[in-house]
1. How do the pairs read when you match residues in the stretch 45-71 that are within 15 Å of Glu255 (Cβ to Cβ) with residues anywhere that are of a type in the set (Gly, Ala, Ser), using Cβ under 6 Å and keeping only pairs 6 or more apart or on different chains?
2. Between Leu199, Leu178, which is open to solvent by less than 10 Å² (accessible area, probe 1.4 Å), within 16 Å of the ligand (Cβ to nearest atom), part of a loop (DSSP other than H, G, I, E, B) and hydrophobic (A, V, I, L, M, F, W, C)?
3. Consider Gly46 carefully, then state whether it is over 28 Å from Phe220 (Cβ atoms) and open to solvent by less than 30 Å² (accessible area, probe 1.4 Å).
4. So how many residues does the stretch 351-407 have that are touching a residue at least 60 places away in the same chain (Cβ under 8 Å), hydroxyl-bearing (Ser, Thr, Tyr) and over 19 Å from Phe128 (Cβ atoms)?
5. Would the stretch 213-221 turn up any residue that is crowded, with 21+ Cβ neighbours inside 10 Å, hydroxyl-bearing (Ser, Thr, Tyr) and within 29 Å of Thr314 (Cβ to Cβ)?
6. Which residues, taken from the stretch 337-354, are farther than 18 Å from Asn30 by Cβ, open to solvent by 20 Å² or more (accessible area, probe 1.4 Å) and outside any strand (DSSP E or B)?
7. Mind checking which residues of the stretch 355-385 are touching a Gly at 6+ places or on another chain (Cβ under 7 Å) and open to solvent by 10 Å² or more (accessible area, probe 1.4 Å)?
8. Check the stretch 157-164 and report whether any residue there is crowded, with 24+ Cβ neighbours inside 10 Å, aromatic (Phe, Trp, Tyr) and in contact with a helix residue (DSSP H, G or I) (Cβ under 8 Å, 6 or more places away or on another chain).
Amino acid sequence: MTNFPVDLIRKDFPILNQTVYGRPLVYFDNAASTQKPVQVIRAISGYYETDNCNIHRGVHYLSQRATEVYEDTRKQIRQFINAASSQEIIFTRGTTESINLVASSYGKQYVNPGDEVIVSVMEHHSNFVPWQLMCQERGAKLRIIPIVESGELDMNAFRGMVNERTKIIAITHVSNVLGTINPVKEIIQHAHTFGIPVLVDGAQSISHLGADVKDLDCDFYCFSGHKMYAPMGIGVLYGKEKYLDAMPPYQSGGEMIKEVHLSGTTFNDLPFKFEAGTPNVEGVYGLRVAISYIQELGMENIAVYEKELLDYATEKLTAMGDIRIIGTAKEKTSLISFLIGSIHPYDAGVIIDKMGIAVRTGHHCAMPLLEWYKIPATVRASFAFYNTTEEIDLMVEAILKVKQMFG
Ligand code: PLP
């Protein structure tokens with residue numbers, strides 16, 4: 001294993017230091033939500049202890065200070081994802097809201113009857129249903145990129161789907177069920193030869209791979225704070241200015257307004273045009289510190305360590321013989337979905353939980369994908385940089401117990 005300071009890092013995450021059912025807690029549900037370091041927890045309580053105030057509209061000291069932190073964080077995110085301008089960074093509640101915003105607003109502006117929208121069969125419902133609804137409303141057709149057995153996109157099928165009727169492509173960077181890292185750069189390059197914009201769902205990639213929106217050349221990019229060591233209820237939509245400028249507001253009220261008259265309303269400039277109502281200021285305070293935390297550890301170091309965890313887990317599970325791993329792509333993040341013989345994942349999950357290990361079982365909000373595999377559910381273990389190989393050994397022990405009980 002590399003010299004990653006995991007013991008030191010674990011001290012920053014107080015929640016990990018506890019027992020459940022008399023056993024040390026092993027937290028392998030990071031794809032659902034990551035834990036928060038004390039630095040982030042302190043940033044949130046610090047906000048309420050010294051800075052709490054509504055932002056933008058106050059001339060007084062507290063309001064100015066909180067506004068400054070809020071807007072500084074926007075600049076920090078611009079730099080973190082390498083966007084051209086902080087006007088292209090919109091604060092949202094998370095990935096789901098970011099995608100709904102684009103589907104609704106872009107749809108109104110650009111999608112008409114007979115047009116087509118492309119998503120893949122491996123999308124999380126949050127990057128599937130908003131497009132399905134928008135297509136129904138606009139009289140457009142939703143087209144679905146299939147996958148191959150390994151859980152990789154069928155790129156030939158994708159290329160055959162893109163045409164002059166395609167109005168937007170929405171694709172996840174990393175699958176939350178398979179761990180597959182999709183070739184989004186290649187997808188974007190192909191789409192751009194037709195002048196079609198691409199939205200990348202970065203919910204499962206941002207904490208493992210980071211993001212460089214300039215290098216990807218994506219037109220929209222979405223992520224959630226809570227999946228990258230920041231609080232819940234805060235997220236980001238990045239969008240190229242040329243699209244955001246042309247798109248109508250998503251919600252109205254508050255800072256998104258320039259002037260209101262009895263005769264009508266004019267809207268604020270970017271990014272405020274898309275930030276209606278009082279924003280989640282405490283969330284932004286937390287996100288700011290979470291990003292700094294990740295940057296201090298170094299994205300490269302995180303990726304190397306997490307790859308070691310994935311390889312270790314894959315090797316251990318494969319050696320058990322009757323474990324079927326769902327998602328065997330060449331390029332994966334540190335996530336592993338599996339089935340234990342013919343034992344139902346829910347039964348397995350209950351026993352694994354009683355051994356103190358938090359894994360997720362179910363369809364993982366990706367029902368079209370599980371239908372494709374003709375399975376109702378999987379067990380999913382998803383690792384973060386605070387996890388260890390010793391914890392993976394405990395999971396293997398728990399799986400052996402499951403097999404003893406149900407096998
Ligand atoms: N997209 C993917 C790939 C996800 O894994 C998730 C959450 O699991 C989402 C979108 C939705 O994220 P949120 O619930 O934070 O909006």
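1. From the stretch 45-71, the pairs are Cys53/Ser63; Cys53/Ala66; Ile55/Ala66.
2. Details: Leu199 fails: part of a loop (DSSP other than H, G, I, E, B).
The unique qualifying residue is Leu178.
3. Details: over 28 Å from Phe220 (Cβ atoms): yes; open to solvent by less than 30 Å² (accessible area, probe 1.4 Å): yes.
In short, yes.
4. Final tally of qualifying residues: 4.
5. Residues of the stretch 213-221 that are crowded, with 21+ Cβ neighbours inside 10 Å, as a first pass: 213, 218-221.
If we keep only those that are hydroxyl-bearing (Ser, Thr, Tyr) too, we end up with 221.
Among the residues that remain, those that are also within 29 Å of Thr314 (Cβ to Cβ) are: 221.
Taking every residue of the stretch 213-221 in turn, at least one turns out to be crowded, with 21+ Cβ neighbours inside 10 Å, hydroxyl-bearing (Ser, Thr, Tyr) and within 29 Å of Thr314 (Cβ to Cβ).
6. Listed by number, the residues that qualify are Gly341, Ser342, His344, Tyr346, Asp347, Val350, Ile351, Lys354.
7. Quick first cut of the stretch 355-385, residues touching a Gly at 6+ places or on another chain (Cβ under 7 Å) only: 359, 361, 377, 379.
Residues satisfying the conditions are Val359, Thr361.
8. Narrowing the stretch 157-164 to residues crowded, with 24+ Cβ neighbours inside 10 Å: none.
Within the stretch 157-164, none of the residues are crowded, with 24+ Cβ neighbours inside 10 Å, aromatic (Phe, Trp, Tyr) and in contact with a helix residue (DSSP H, G or I) (Cβ under 8 Å, 6 or more places away or on another chain).
The values are calculated or read from the model by the stated rules, or taken from the named source; none is laboratory data. On a predicted model such as this, the values are computed, not experimentally measured, just so you know. Ideal geometry is used to build each Cβ from the backbone, glycine not excepted, and the neighbour counts take in all protein chains shown. Only protein heavy atoms, including side chains, enter the accessible area calculation; ligands, DNA and RNA are left aside. Shrake-Rupley method; radii C 1.70, N 1.55, O 1.52, S 1.80 Å.
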